[in-house]
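One structure is given here, and the rest of the page talks about it.
The values are calculated or read from the model by the stated rules, or taken from the named source; none is laboratory data. Predicted, not measured: the structure shown is a model, and the values here were computed from it. Counting neighbours? That spans all protein chains shown, and the Cβs are built from the backbone with ideal geometry, glycine included. Please note that ligands, DNA and RNA were not included when accessible areas were found on the heavy atoms of the full protein model with its side chains. Shrake-Rupley method; radii C 1.70, N 1.55, O 1.52, S 1.80 Å.
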Amino acid sequence: MIRIVIAEDQQMLLGALGSLLNLEDDMEVVGKASDGKEAIALVQKEKPDICIMDIEMPGMTGLEAAEQLKGFGCKVLILTTFSRSGYFQRALKAGVSGYLLKDSPSEELASSIRSIMSGRRIYAPELMDDIYSEENPLTEREKEVLELVADGKNTKEIADQLSIKTGTVRNYISTILEKLDVKNRIEAITQSKEKGWFK
């Protein structure tokens, strides 16, 4: 019997997925979570074979949870509406066994779970082109600066936090805008979020 934990913040979908998988003779849903933290706690408690994880959930995202579950002995299958290459890249780094889109046919989910349990990796075909897509061009320090900008910090606060001069922060910001080919900070933040580059 394949033991499954499902993490999904939309209650109706969580219930439907649970019912659907429980209809399979060789599967049993042993836990349902509505965010990443709950999912990790359930995996530790129930020790399932596989955890089906949505990405965008409150508190802790599915990707953050997958990163924490790496090497835990439980396979992770991401099931999401988002086919963003940045998310997919990050999921691959977290070692997930599968990445499917929610608009896939429902019978595909059960067969994918069986394939994953037999040692295969299953990724939505439309994402495979993205494996070779762009890496984040920013240096670690530039990423740090942009994340602080996204947190709403001003130039002086960023300078204080990173123990650098305000002029240096401004230089970093203009380099970031140039590298990402955007006009302002808002566009830089939006683009980084869309590509899944933020931690």
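Spacing of the modelled spin labels on D26 and K70, each 7 Å from Cα toward Cβ, amounts to 3.0 nm. To the nearest ten degrees, helix 140-150 and the longest principal axis of the Cα atoms of the chain are 90 degrees apart. If R0 is 30 Å, the Cβ-Cβ spacing of I164 and T190 corresponds to a FRET efficiency of close to 0.75. Helix 11-22 and the long axis of the chain differ in direction by around 40°, with both axes built from C-alpha atoms. Once both labels are positioned 7 Å from their Cα atoms along Cα-to-Cβ, the gap between S104 and T139 label points is 4.0 nm.
The apolar share of the surface of the chain, taken as the fraction of accessible area on carbon and sulfur atoms (1.4 Å probe, ligands and nucleic acids excluded), comes to 50 percent. A Förster radius of 22 Å combined with the Cβ-Cβ distance from K93 to E147 puts the calculated FRET efficiency at roughly 0.80.
With the highest mean first, a sort of the peptides 174-185, 88-99 on other beta-carbon atoms found within 10 angstrom per residue produces 88-99, 174-185. Solvent exposure of the chain amounts to 52 Å² per residue of accessible area, where only protein heavy atoms count and the probe is 1.4 Å. For the chain, the mean residue ellipticity at 222 nm estimated from helices alone is -14500 deg cm²/dmol, where every DSSP H run of n ≥ 4 contributes -39500 (n - 2.57) and the total is divided by all residues, rounded to the nearest 500. Going by a ≥ b ≥ c, the root eigenvalues of the Cα gyration tensor, does segment 97-199 fall in the rounded group (a/c under 1.5), the prolate group (a/b larger than b/c) or the oblate group? Judged from the Cα gyration tensor, segment 97-199 comes out prolate (a/c at least 1.5, a/b above b/c). Average 1/r across all pairs of distinct alpha carbons in the chain, invert it, and you get the Kirkwood radius: 18.2 Å. Applying 1/(1 + (r/R0)^6) with R0 = 25 Å to the Cβ-Cβ distance of E126 and E46 gives a FRET efficiency near 0.20. In terms of the Cα gyration tensor, with a ≥ b ≥ c the square roots of its eigenvalues, is segment 17-135 rounded because a/c is under 1.5, prolate because a/b exceeds b/c, or oblate? Note, shape of segment 17-135 comes out oblate. Here the dipole of the chain is about 700 debye; that uses its Cα centre as origin and unit charges on the Cβ of Lys and Arg (positive) and Asp and Glu (negative).
Within the listed set V145, V76, V43, the Gaussian network model of the chain (springs between alpha-carbon atoms below 10 Å) gives the highest mean-square fluctuation for V145.
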